[in-house]
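The values are calculated or read from the model by the stated rules, or taken from the named source; none is laboratory data. Fair warning: this is a prediction, and the values are worked out from it, not measured in the lab. Don't worry about glycine lacking a Cβ; one is built from the backbone with ideal geometry, like all the others, and counts go over all protein chains shown. Just so you know, the surface numbers come from the protein's heavy atoms only, side chains and all, with ligands and any DNA or RNA stripped out. Shrake-Rupley method; radii C 1.70, N 1.55, O 1.52, S 1.80 Å.
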Amino acid sequence: MTSTLPAPLSSASLVELETELIELFVRLAGVVGLPRSVAEIYGVLFASPTPLTMDDVIGKLHLSRGAVSQGLRQLRRFGAIAPVSVPGDRRTYLQVEDNLRKIAAGFLQEQVLPQLEDWPQRLRRIQDLSRDLPASDGFPPDRARKLDRWHQRTRDSIPVVLDLIGRWE
């Protein structure tokens, strides 16, 4: 019995595949409020079978050096990409991280937790302001308590979310 190997993808198919991957990541990034350029960079790196340099990414996406540099920095902070060395080459190459739990943890650490840090101070200010208002002005006093519960539940849910994501891998 003869086994047939699939035909290699044509250059046009590779470009189409890369385009679809980029669009998928752009849509996902939009859901969590990340810039389109960050998603495009991740998509190019995800599609590549080998690590790429910053110049490779610039050449594929036709973005400015500043936009790519900023996007790469953000992806590194999330743990979504990592630098790798290529023997005999002094340039920095980048490869994608494809562990969803690790990326989600980095995103939460960089984007979500900082937003929650000043919540208690803001909540105290809201409570102080609401106490000074006459009851007839209409701010329901239980809303401040709700905000406090939301904050606590959000902080408590982060480990649960990461655990669930880890189970998807």
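Would you pick out the residues in the stretch 56-75 that are surrounded by fewer than 17 Cβ atoms within 10 Å (Cβ to Cβ) and at pLDDT 95 or above?
Of everything in the stretch 56-75, those that are surrounded by fewer than 17 Cβ atoms within 10 Å (Cβ to Cβ) and at pLDDT 95 or above turn out to be 64, 65, 66, 69, 70, 73.
Kindly indicate which of 15, 31, 44 is of a type in the set (A, V, I, L, M, F, W, C) and in contact (Cβ under 8 Å) with a residue 12 or more places away in the chain.
44
What number of residues within the stretch 39-94 are more than 16 Å from the chain's Cα centre (by Cα) and of a type in the set (Phe, Trp, Tyr)?
Going through the stretch 39-94 one residue at a time, the tally reaches 1.
Here is a check on your reading of the model: is residue 90 among the basic types (Lys, Arg), without any contact (Cβ under 8 Å) to a residue 60 or more places away in the chain, surrounded by fewer than 11 Cβ atoms within 10 Å (Cβ to Cβ) and not in a helix (DSSP H, G or I)?
Here the answer is yes, as residue 90 does meet what is asked.
Being within 28 Å of residue 160 (Cβ to Cβ), in contact with a strand residue (DSSP E or B) (Cβ under 6 Å, 6 or more places away or on another chain) and not β-branched (Val, Ile, Thr) is true for just one of 108, 75. Which residue is that?
75
From the list 77, 73, which one is touching a Gly at 6+ places or on another chain (Cβ under 8 Å), within 23 Å of residue 104 (Cα to Cα) and not aliphatic (A, V, I, L, M)?
Matching residue, one of 77, 73: 77.
Assess whether residue 150 counts as being at pLDDT below 85 and within 22 Å of residue 31 (Cα to Cα).
Against the criterion (at pLDDT below 85 and within 22 Å of residue 31 (Cα to Cα)), residue 150 does not qualify.
Could you check how many residues of the stretch 111-164 are closer than 25 Å to residue 100 by Cα and in contact (Cβ under 8 Å) with a residue 24 or more places away in the chain?
Residues of the stretch 111-164 that are closer than 25 Å to residue 100 by Cα, as a first pass: 111-117, 151-164.
Right, trim to in contact (Cβ under 8 Å) with a residue 24 or more places away in the chain and you get 111-113, 116, 151, 154-155, 158, 161-162.
Selection size over the stretch 111-164: 10.
What's the number of the condition residue 99 fails, among (1) open to solvent by 30 Å² or more (accessible area, probe 1.4 Å); (2) in contact with a Gly (Cβ under 7 Å, 6 or more places away or on another chain)?
Every condition holds for residue 99 apart from (2).
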